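The values are calculated or read from the model by the stated rules, or taken from the named source; none is laboratory data. Since we're looking at a predicted model, the values are computed, not measured. Ideal geometry is used to build each Cβ from the backbone, glycine not excepted, and the neighbour counts take in all protein chains shown. In case anyone asks, the SASA skips ligands and DNA or RNA and just uses the protein heavy atoms, side chains included. Shrake-Rupley method; radii C 1.70, N 1.55, O 1.52, S 1.80 Å.
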Amino acid sequence: MSSLHPALERHDAGCGCHACDLTGVSANEYAIDENGREDPTHTTTDVRELSRWIRGRIGEVDAAVRGKVLEDDAFGMDGSGFSEWSGLSDAEKAQRFSDWLDDEIESTVFTSEFEDKAERHLEHAVERGATDAHRELREHGVDIGDADETLAQDNVQEAVALGVVALAGRIRDEMDDFRGDARQIITDGGLEVSRTQLVSDIVERGEVYKSNATADVAAEVVNQYNTTGQLSSYDRVPEDVEIELNVEPEFVTAGDDKVCEFCQELAQRDWTLEEAQEFHIPRDTHDYCRCRWEVTDVRTLEDL
């Protein structure tokens with residue numbers, strides 16, 4: 001891939017655009033249901049359903065935290081007698097809690113159901129991307145068969161599997177940060193407040209990572225739509241037909257007033273197929289990106 005477009009360099013440095021100022025913004029507040037936001041990728045349902053499931057599992061972890069601190073009084077904060085971690089220093093209690101929370105997260109979030117649901121929604125996003133790409137190609141006189149033929153390719157199936165792994169890695173990073181924050185709260189005097197306040201402080205951090213998880217889901221779903229679904233289909237065009245990506249297929253924004261300056265500038269760039277395949281939307285742009293690739297013209301070599 002060629003050197004970064006100036007807009008990409010500014011974004012990496014912190015471009016200050018609307019889309020970059022999304023810390024703590026939830027799906028319902030920004031990405032999913034905000035009025036006036038178009039979804040050219042048609043992946044809103046997959047993002048909503050998968051992120052809702054993941055947020056629900058994080059909510060179950062929050063509920064377990066409440067039970068551990070409030071009902072079980074594992075820290076012995078009410079001072080009325082024996083507790084699970086009686087006699088330990090605050091640092092040791094924080095470590096025990098961190099270990100317990102890690103086990104709770106593993107058994108609640110990262111189950112086989114996580115993999116099944118992630119795979120199903122990512123495959124659906126790829127199917128939508130491939131279907132759109134095949135339709136666009138047919139409109140320009142190039143028929144590469146059914147979208148199912150693209151989906152059946154080994155490299156496409158491998159990309160979906162890698163997407164599941166990538167999403168699990170992102171969510172795991174969020175949960176590691178959640179666990180670290182909870183431990184920090186405890187060691188920074190969290191055991192000197194009431195049990196109710198301690199739970200509130202920890203669960204409040206959990207809400208942040210629920211929102212982050214929604215952004216992670218949106219990133220991988222849209223990336224699979226664009227890179228695996230659309231670009232894998234474009235790549236199947238026969239050798240005697242040339243798609244000049246630096247002229248014809250384009251980086252297309254949603255076209256509404258929610259599109260950030262960064263993506264508006266990327267839409268003005270000339271792209272090659274190789275560059276497009278290496279540039280993952282929205283992994284290289286920002287959370288909740290709705291931009292997509294689009295074929296606007298296809299010419300045979302004889303016409304060039």
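Does V126 qualify as being β-branched (V, I, T), open to solvent by 40 Å² or more (accessible area, probe 1.4 Å) and under 19 Å from D46 (Cβ atoms)? If you could, list the steps in order and put the result at the bottom.
Numbers: β-branched (V, I, T): yes; open to solvent by 40 Å² or more (accessible area, probe 1.4 Å): no; under 19 Å from D46 (Cβ atoms): yes.
No.
From the set of residues in segment 247-283 that are in contact with an Asp or Glu (Cβ under 6 Å, 6 or more places away or on another chain) and of a type in the set (A, V, I, L, M, F, W, C), which is nearest to A133 (Cα to Cα)?
Checked segment 247-283; the qualifying residue nearest to A133 (Cα to Cα) is V252.
Being of a type in the set (S, T, N, Q) and under 21 Å from P40 (Cβ atoms) is the filter here; which residues of segment 131-163 pass it? Even if it seems obvious, please write down each step before you answer.
Initial filter on segment 131-163 (of a type in the set (S, T, N, Q)): 131, 150, 153, 155, 157.
Hits for segment 131-163 are T131, T150.
Within segment 197-214, which residues are in contact with a helix residue (DSSP H, G or I) (Cβ under 7 Å, 6 or more places away or on another chain) and either open to solvent by 10 Å² or more (accessible area, probe 1.4 Å) or of a type in the set (A, V, I, L, M) (or both)?
Going through segment 197-214, the residues in contact with a helix residue (DSSP H, G or I) (Cβ under 7 Å, 6 or more places away or on another chain) turn out to be 198-199, 201-203, 205-206, 209-210, 212-214.
Residues satisfying the conditions are L198, V199, D201, I202, V203, R205, Y209, K210, N212, A213.
So in segment 258-292, with the set limited to residues that are β-branched (V, I, T) and more than 20 Å from S233 (Cβ to Cβ), which one is most open to solvent (accessible area, probe 1.4 Å)?
Filtering segment 258-292 down to residues β-branched (V, I, T) leaves 259, 272, 281, 285.
Next cut, more than 20 Å from S233 (Cβ to Cβ) only: 259, 285.
Details: V259: 21, T285: 5 Å².
Selected residue: V259.
Just to verify a result, which residue in segment 237-257, among those that are open to solvent by 30 Å² or more (accessible area, probe 1.4 Å), part of a loop (DSSP other than H, G, I, E, B) and touching a Ser or Thr at 6+ places or on another chain (Cβ under 8 Å), is modelled with the highest pLDDT?
D240
Considering only segment 82-113, how many residues are in a helix (DSSP H, G or I), aliphatic (A, V, I, L, M) and open to solvent by less than 40 Å² (accessible area, probe 1.4 Å)? Write out each step before concluding.
Step one: list which residues in segment 82-113 are in a helix (DSSP H, G or I), which gives 90-108, 112-113.
Those still in the list that are aliphatic (A, V, I, L, M) too: 91, 94, 101, 105.
This time we only want the ones that are open to solvent by less than 40 Å² (accessible area, probe 1.4 Å), so: 94, 101, 105.
The total comes to 3.
From the list G141, G67, G79, which residue is open to solvent by 20 Å² or more (accessible area, probe 1.4 Å) and without any contact (Cβ under 8 Å) to a residue 12 or more places away in the chain?
Values: G141 fails: without any contact (Cβ under 8 Å) to a residue 12 or more places away in the chain; G67 fails: open to solvent by 20 Å² or more (accessible area, probe 1.4 Å).
Criteria check complete, one pass: G79.
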